[in-house]
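**Q** Take this structure, written in structure tokens, and hold onto it; I'll ask about it next.
The values are calculated or read from the model by the stated rules, or taken from the named source; none is laboratory data. The shown structure was predicted, so the numbers you read here are calculated from the model rather than taken from an experiment. Here the Cβ positions follow ideal geometry from the backbone for every residue, glycine too, while neighbour counts run over all protein chains shown. Heavy atoms of the whole protein, side chains included, go into the accessibility calculation; ligands, DNA and RNA do not. Shrake-Rupley method; radii C 1.70, N 1.55, O 1.52, S 1.80 Å.
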Amino acid sequence: MLNLGAGPATRAAIRQFKGSVREVCGADIDPVVLSNDELDKAVLIEDGKVDFPSDHFDLIYSDFVIEHVENPREFLTETLRMLKPGGKYFFRTPNLFHYVALISWITPQSFHEFIANRIRQLPEDAHEPWPTFYRLNTRAAIETEAGAVGFSGIDIEFIEPNPSYLQFHPVPLLLGVAYERTVNSTDLLRSFRSNIIGTLAK
């Protein structure tokens, strides 16, 4: 399996697969991936290319990565190339039509660097947030780009978890809970839920 956009080690047990599958590989544009000890093998993505053979992986996944992709078609073409026939690409990413992603989309990177890690209560030495583009963060964009490069199976779901990121103050937390309960109350509002869970099949 390939963790595409692996970044540094997460230390989150639910995201660790090393030792549970034959080989866990990782790729990222940031050299920090080379020090990720949760991977059996790590490579740098250079000029949009990943140094793994074609038809190589049974499974590729990206967790909160594709919002950072500047060239969606190039990214998905390379992902498709590396998958074996019948292989699948799984991803989780913010939904652009959710208030968090919309605020992120309209604010400059300098603001993200100032506030994002503080809100997430990350340590001071945590990596600064990577630039975001949100070019694959709607159902329409995913279906258009994935279909254009040749993915044959496209499945997209929307989820809205509890807004724990708003626990810094009671007022936004209550508003966030009200929003979460509203968009989860009916499938008519699912396209306004915070995260997209997607599966693309080769």
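**Q** Starting from the Kirkwood radius over alpha-carbon pairs of segment 1-69, derive D by Stokes-Einstein at 10 °C in a medium of 1.306 mPa s and give it in µm² s⁻¹.
**A** 131 µm²/s
**Q** Can you tell which of Asn162, Asn95, Asn137 shows the greatest fluctuation in a Gaussian network model of the chain with Cα springs below 10 Å?
**A** Residue with maximal mean-square fluctuation among Asn162, Asn95, Asn137: Asn162.
**Q** Let me ask another. At 222 nm, what value in deg cm²/dmol follows for the chain if DSSP H runs of at least 4 each add -39500 (n - 2.57) and the sum is divided by all its residues, to the nearest 500?
**A** -8000 deg cm²/dmol
**Q** Another question, then. Taking R0 as 41 Å, what FRET efficiency do you get between Asn162 and Asp55 from their Cβ-Cβ distance, rounded to the nearest 0.05?
**A** 0.55
**Q** Next question, about the same structure. Taking the Cα centre of the chain as origin and charging only Cβ (+1 Lys, Arg; -1 Asp, Glu), how large is the dipole, in debye to the nearest 20?
**A** 580 debye
**Q** Of Leu188, Tyr134, Gly7, which is farthest on the positive side of the dipole of the chain, counting Cα position, with +1 on Lys and Arg Cβ, -1 on Asp and Glu Cβ, and the Cα centre as origin?
**A** Leu188
**Q** Now, a different point. Tell me, what % of the accessible area of the chain is carbon and sulfur with a 1.4 angstrom probe?
**A** Whole-percent figure for carbon plus sulfur exposure: 57.
**Q** Averaged over every viewing direction, what's the projected area of the C-alpha convex hull for the chain? Give it in nm², one decimal, please.
**A** Result: 11.8 nm².
**Q** Contact order normalised by length for the chain, with contacts defined as Cα pairs under 8 Å and 6 or more residues apart; what percent is it?
**A** Normalised by residue count, the contact order of the chain is 21 percent.
**Q** How much of the DSSP beta bridge set in the chain is antiparallel, as a percent to the nearest 5?
**A** 50 percent
**Q** Determine the per residue accessible area of the chain with all protein chains present and a 1.4 angstrom probe, expressed in square angstrom.
**A** Normalised by residue count, the accessible surface of the chain is 57 Å².
**Q** Moving on to the next point. If r is the Cβ-Cβ distance from Thr77 to Arg15 and R0 is 25 Å, what FRET efficiency results, to the nearest 0.05?
**A** It comes out at approximately 0.45.
**Q** For the chain, find the longest principal axis of its Cα atoms and tell me its angle to the long axis of helix 170-183, 0 to 90°, nearest 10.
**A** Helix 170-183 sits roughly 60 degrees off the main axis of the chain.
**Q** Here is a further query. To the nearest 20 debye, what is the magnitude of the charge dipole of segment 1-45 about its Cα centre, counting +1 on the Cβ of each Lys and Arg and -1 on the Cβ of each Asp and Glu?
**A** 160 debye
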